[in-house]
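Student: Here it is, the structure, as structure tokens.
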Amino acid sequence: MEIRHKVLNANKMLWRRRDLRSKSTVSERILWNELRNNQLGEKFKRQYSIMNYVVDFYCHKAKLAIEINGDIHKLFSSQIYDKYRTEYLKSLGIRESGFNNSEIQQDISKVLYKIKTHIPSPKIRRGN
């Protein structure tokens, strides 16, 4: 299923994405520093909206959303919200990978390894 353009990074969510970018957590800044500029071989965007949900990071080519789960995600209301978001992403064929703050701050290399496992390997061109 191809995702329609109006669902991804729609202008109606621009205010929310900008607000979240301006309030980045330490963990978000650490991970963004490792994901930006195609450092893992694919382009990631931060605070990317998919319909009415905003994911922390998104790689369109891999259809991969990355969420950093801070303390707010322990609240019951957040868990319900996260569940609906995950189900919606799945319905679009988007995989979601989540990490908590301590994972990112204590072992970023392990986090990056896990993310890489979700990124398809580049196709090798063979000459004649």
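Student: In this structure, does residue 110 turn out to be at pLDDT 95 or above, in contact with an Asp or Glu (Cβ under 9 Å, 6 or more places away or on another chain) and of a type in the set (D, E, K, R)?
Tutor: Here the answer is yes, as residue 110 does meet what is asked.
Student: Separate question: Give segment 11-55 a look and list any residue that's loosely packed, with under 14 Cβ neighbours inside 10 Å, not in a loop (DSSP other than H, G, I, E, B) and not polar (S, T, N, Q), or say none. Before the answer, list the steps.
Tutor: Step one: list which residues in segment 11-55 are loosely packed, with under 14 Cβ neighbours inside 10 Å, which gives 11-12, 14-15, 18-19, 21-23, 26, 29, 33, 37-39, 41, 52.
If we keep only those that are not in a loop (DSSP other than H, G, I, E, B) as well, we get 11-12, 14-15, 18-19, 21-22, 26, 29, 33, 37-38.
Once the filter is applied, which keeps residues that are loosely packed, with under 14 Cβ neighbours inside 10 Å, not in a loop (DSSP other than H, G, I, E, B) and not polar (S, T, N, Q), segment 11-55 yields 12, 14, 15, 18, 19, 21, 26, 29.
Student: May I ask you to verify whether residue 69 is modelled with pLDDT under 90 and within 12 Å of the chain's Cα centre (by Cα)?
Tutor: Values: modelled with pLDDT under 90: yes; within 12 Å of the chain's Cα centre (by Cα): yes.
For residue 69, the condition - modelled with pLDDT under 90 and within 12 Å of the chain's Cα centre (by Cα) - is met.
Student: Still on this structure, I have one more. Has segment 62-84 got any residue that is touching a residue at least 24 places away in the same chain (Cβ under 8 Å), among the hydroxyl-bearing types (Ser, Thr, Tyr) and assigned to a helix (DSSP H, G or I)?
Tutor: No: zero hits.
The values are calculated or read from the model by the stated rules, or taken from the named source; none is laboratory data. In this text the structure is predicted, and so the values were computed from the model without any measurement. We place every Cβ from the backbone using ideal geometry, glycine too, and count neighbours over all the protein chains shown.
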